[in-house]
Amino acid sequence: MYTISFDMQKFEDKLNELKKLFDKLETGKISLDESLKQFEEGTKILGECFKSLEKYNKKIQILTEKNSGKIELNDFEPEVE
């Protein structure tokens, strides 16, 4: 059996960090230099989030066994309502 290892809390913490950075930038009360530092940090965090999602997406692939006994790798497709 395959398990999906994805730390949702860590991912949500990263999203919260991004929100705080965005809120700081949005106020306009910080210097241009500090704004650039915050923006740089935000792009780093965003990259980490995308990497986590990419790993998660790859792990959601489902193994199925065909009638012939061969194992086929299929992508997970969520139901759309």
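Taken together, the values in this text are just the output of simple stated rules run on the coordinates, not laboratory data. All values derive from a computational prediction rather than experimental measurement. Virtual Cβ from ideal backbone geometry, glycine too; neighbours counted across all protein chains shown.
Things worth noting here:
- Estimated at 0.36 nm per residue, the fully extended path between Y56 and D33 surpasses their Cα-Cα distance by 4.8 nm.
- Segments 11-17, 24-30 sorted - mean Cβ within 10 Å per residue, highest first: 11-17, 24-30
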